Amino acid sequence: MLELRGVTAGYGRTRVLEDVDVVVEQGGAAAIMGHNGAGKTTLLRVAVGLLPVMKGRVLLDGQDVTRLRPSARVRRGLGYVPQGQLSFPQMTTLENLQLVTTEKAAIDEVLDTFPALRGLLPRRAGLLSGGQRQQLSIARTLLTRPRMLILDEPTEGIQPNVVAEIESVITDLTRRGDLSVLLVEQHVGFALRATQRYYVLESGRITSSGEGGPGAVDAVRAAMAV
C-alpha cells in the first residue's frame, strides 16, 4: 500500500505539486492521468524518493518513508520502471536480467510473465523493439520482488499487441493480491482497464478521482478537458 498525504513538492522555489493525496490500496492498482506538465512524473519522483517533499508525507505499507532514500524504499518493497524503456543496450537481454539476480528460478518466473523475452535472451537489448525493451524493463524490476510497482508511461511508443500484454500482466499481478501498482498513463482506455482507481492531475492538484473501469472513460475525459 502506498499513500501520499498532503504532498507539496517542486524544484527550487517552484511548486509543481500542491497538497496532493493519492492512495494505492494493497493488491490494487491506480492510475494518474493528466496533460503534459500537470506534475505526473514529479509525483512519481516523490513516491520513489528521487525528489524531496516540501510538505506532506509518503507512507509505504503504513510506514513513513518520507525521508528515506530510493535504495531504502526499494529494500522495503518499492519497484520503479521509469519512462523511456530503459536498458543497458550493449548487454544481452539475459545479462540485463542477471544484473538483478543470477537465480535461474527467479529469471524463469519473470520469463513466464513475459514469454516473448525467452527467444530474445541472447540478443543485445539495444536491438530490441520499444515494446520488447519495455517488457525487459518491467521484468527486471519484478526480479526485485516488489510489493509496490510504479510505472511511468508504460505504453508510450509501443505497439498495440504489447500494450495488451502489459495490461494483462498488471491485471494478473494485482489479482494475486500481493502486488500494488501505481501508473502514470496518457492512454485513458488502457489506464482505466488496468486499474481500479484513477486520479486526474491538473496544474499540480488532483481535480478529479474515482473508481476505474471502462465506465469511467467519459468522466476522465471530461475532467481532462476542463
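The values are calculated or read from the model by the stated rules, or taken from the named source; none is laboratory data. Computed from a prediction, not measured in an experiment: that's the story for all the values here. Cβ sites come from the backbone with ideal geometry, for glycine too, and all protein chains shown count toward neighbours. For accessibility, only protein heavy atoms count, side chains too; no ligands or nucleic acids. Shrake-Rupley method; radii C 1.70, N 1.55, O 1.52, S 1.80 Å.
For this structure, a couple of remarks:
- Within the chain, all pairs of alpha-carbon atoms sorted by distance into 5 Å bins from zero give the percentages 1, 7, 15, 19, 20, 17, 12, 7, 3, 0, 0.
- Total charge dipole magnitude, region 179-226, about the Cα centre, Cβ charges on Lys, Arg, Asp, Glu only, Debye to nearest 20: 40
- Largest GNM mean-square fluctuation across E25, E109, E167, computed for the chain with C-alpha springs under 10 Å, falls on E109.
- The charge dipole of region 132-226, taken about the Cα centre with unit charges on the Cβ atoms of Lys, Arg (+1) and Asp, Glu (-1), comes to about 300 debye, rounded to the nearest 20.
- Shape call, region 4-60: gyration tensor on alpha carbons, a/c limit 1.5: oblate
- Mean sequence separation of contacting Cα pairs (under 8 Å, at least six apart), scaled by the length of the chain, corresponds to a relative contact order of 28 percent.
- Helix-only arithmetic for the chain: the sum of -39500 (n - 2.57) across DSSP H runs with n ≥ 4, divided by the residue total, places the mean residue ellipticity at 222 nm at -9500 deg cm²/dmol.
- Solvent-accessible heavy-atom area per residue, rounded to whole Å², over the chain at 1.4 Å: 46
- Percentage relative contact order, region 175-226, counting C-alpha pairs under 8 Å, at least six apart: 30
- Bridge type composition, the chain - antiparallel percent by DSSP, nearest 5: 55
- Dipole-positive endmost among L78, A116, L183 within region 73-220 (Cβ charges, Cα centre): L78
- Local electrostatic count, E153, Cβ distance below 11 Å [Lys/Arg +1, Asp/Glu -1]: -2
- Using only side-chain charges placed at the Cβ, +1 for Lys and Arg and -1 for Asp and Glu, the dipole size of the chain relative to its Cα centre rounds to 700 debye.
- The residue among S129, I107, L142 whose Cα reaches farthest toward the positive pole of the charge dipole of region 95-152, with charges on the beta-carbon of Lys, Arg, Asp and Glu, is S129.
- Within the accessible surface of region 108-226, defined with a 1.4 Å probe on protein heavy atoms only, the carbon and sulfur portion equals 49 percent.
- Within the listed set K104, K55, K40, the Gaussian network model of the chain (springs between alpha-carbon atoms below 10 Å) gives the highest mean-square fluctuation for K104.
- Shape call, region 44-84: gyration tensor on alpha carbons, a/c limit 1.5: oblate
- Max mean-square fluctuation residue, GNM over the chain, Cα-Cα springs under 10 Å, options A31, A191, A72: A72
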